Structures are given as structure tokens and as C-alpha cells.
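Bear in mind that the values in this text are calculations on the coordinates, not laboratory data. Computed from a prediction, not measured in an experiment: that's the story for all the values here. Here Cβ is always computed from backbone atoms with ideal geometry, including for glycine, and neighbour counts include all displayed protein chains.
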Amino acid sequence: MERVKVAVVTGGAQGIGQAICEEFSRQGVIVCTIDLQANNYFIGDIADEQVLRRFAAKVLAEHDGVDFLINNACLSRGGLTTCSYDDFNYVLRVGVAAPFLLTQLFHAHFRPQASIVNISSTRHLMSQANSESYSAAKGGLCALTHAMAISLAGKARVNTISPGWINTSGQHLAGADAQQHPVGRVGLPADIVHAVMFLCDPKSSFITGQNIIVDGGMIKLMIYHNDHGWVYRAPYVA
């Protein structure tokens, strides 16, 4: 009888994380999620080391191993003009330190062909003003990915997905919002889910240490002033 697989997903109560949990469940995978918001497994703040240790202990008490670890949770607390030192470090604990510690806690319990997928962002490649906390966390997660891919060689594959604009609100986005993407639409959570499932598939066993950008080609579109209707407007200064 085939063993039931186990997936650990952070930030699984809404948005992309929820969509990932739902797809794993649809495939018969047992899902263990942690989120500050209400969910059916574990409510807690992954910025807190002891919370992470209690969460991992619960997972391992109930299951003899982990097949998939999806480090999805993150947040922004602004940047240079709005983010305090403590807030900046809080975002790094959520976005970088938590994936590191969870990987460490599950290290001895990854099952054969285990896959770790870290959800980064194209914000590690390009930015808007005042977004340093989020961009730094996502950049750190990408660097953590290739480091762990080497440390876990033969134990687990480790890859990153960098989403672009993903519409998690459910509202209809068209017009300029869609057309600024070469594919002609804004992304959906399902687009990221498909990429996660691809990286978790044993058929992807030759892929590790990589960052896959899923953004509809947005960061490849070169934009000049007055090009295809785009007009540069200087930032507003009060």
C-alpha cells in the first residue's frame, strides 16, 4: 500500500498558501499548516522560535516524516521611511529565519525524494520605493535556497518560486493591469500552485537550487517613457 505523503505549509490560511494546501489535500496529501489566522491545524507566529519548535514537534508526533516543506509565509512592514529596526528584523524572522529553522527541525525527518519549495517574489529583483523589509526577506530566501540545496544534497531538493503580481483578492483585473504582462493577464494563485506541484513531483528530481520566476513575463518587459502608452511621472513629494 502506498504511503500517504505529508506536506508542511506556512501561511496556509489565505491566498497562495491556502491554494497550495487545497491542492495538496485534493491529491490526498496530509497537510500541516501554521498561520496567525484561523486554520484547522496550528495557529501561531512563525517569527517566534518556540512556536516553530512546538509546531514541528506536533507534526513529528503525528507523522513519521515530511515529504514537502513549503515556506510561503511573509509580510511587509515598509521600508526606509516607515520601518523600525524591530519591524525590519521581524520580517526577516518570518521570511528567512523561519524557513531556516523549520528546515533544520525537519532535517532528520525528510523522507526519500523530499522537496522544499520556498516562495520568494520578483521583489528580490526589482522594487518600489519603501519596500526594503519585504524585498530583503525575499532576497535572503533566494540565497538561503541555493545554500540549503547544497547542504541537503541527497536528502532533499530545495528550490524557490518567485511570483510576480498574483491576484489573491478575487476581483476582476483587466485593461492596463493585464496588458502590462506579456501574457495579457494578471497572475492567479493557481499559477503558483502549478509551479509548486511541478517542483514537488519526483519527475523534477534533476532540479535543485533554482529560482523559477512565475510573473507572466513582467520583469522582461523593457519600458521607456512614451513607449506603448507608458508615461513616466516623477514621484510625488509633499
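Relative to its residue count, the chain spans a Cα convex hull of 145 Å³ per residue. Less than 5 angstrom separates the built amide H of Ile116 from those of Leu69, Arg157, Val158, Asn159, all sequence-distant by 5 or more or on a different chain. Measuring between alpha carbons in the structure, the pairs from Lys5/Lys203; Lys138/Lys220; Lys155/Lys203; Lys5/Lys138 lying more than 26 angstrom apart are Lys5/Lys138. Looking at segment 109-238, the pairs of alpha carbons with a distance over 26 Å make up 33% of the total. Listed peptides 186-198, 12-24 appear in the order 12-24, 186-198 once ranked by packing, highest mean of other Cβ atoms within 10 Å at the front.
Each listed q (0.23, 0.30 Å⁻¹) maps to a log10 I(q)/I(0) for segment 33-76 from the Debye sum over equal C-alpha point scatterers, namely -0.89, -1.31.
Close amide H partners of Val214, meaning residues 5 or more places away or on another chain with modelled amide H under 5 Å apart, are Ser162, Gly164. Segment 1-59 and segment 152-166 have Cα centres separated by 17 Å.
Taken about its Cα centre, the chain carries a charge dipole of roughly 360 debye when the Cβ of each Lys and Arg holds +1 and the Cβ of each Asp and Glu holds -1. The phi-based Karplus calculation (6.51 cos²θ - 1.76 cosθ + 1.60; θ = phi - 60°) puts the 3J(HN,Hα) values of segment 147-163 at 5, 5, 4, 6, 5, 9, 3, x, 10, 7, 8, 10, 9, 10, 10, 10, x Hz, whole numbers, x for Gly and Pro. Per the Debye calculation on segment 128-187 with a single equal scatterer at every Cα and no solvent contribution, log₁₀ I(q)/I(0) for q = 0.13 Å⁻¹ amounts to -0.56.
GNM remark for the chain: springs join alpha carbons under 10 Å apart, and the peak mean-square fluctuation among Tyr90, Tyr224, Tyr41 falls on Tyr224.
Under a 5 Å amide H cut-off, with hydrogens placed 1.01 Å from N, Gly187 pairs with Trp165, Asn167 among residues at least 5 apart or on other chains. 222 nm [θ] for the chain, helices only, -39500 (n - 2.57) per DSSP H run of 4+, per residue, to 500? Per the formula, -10000 deg cm²/dmol.
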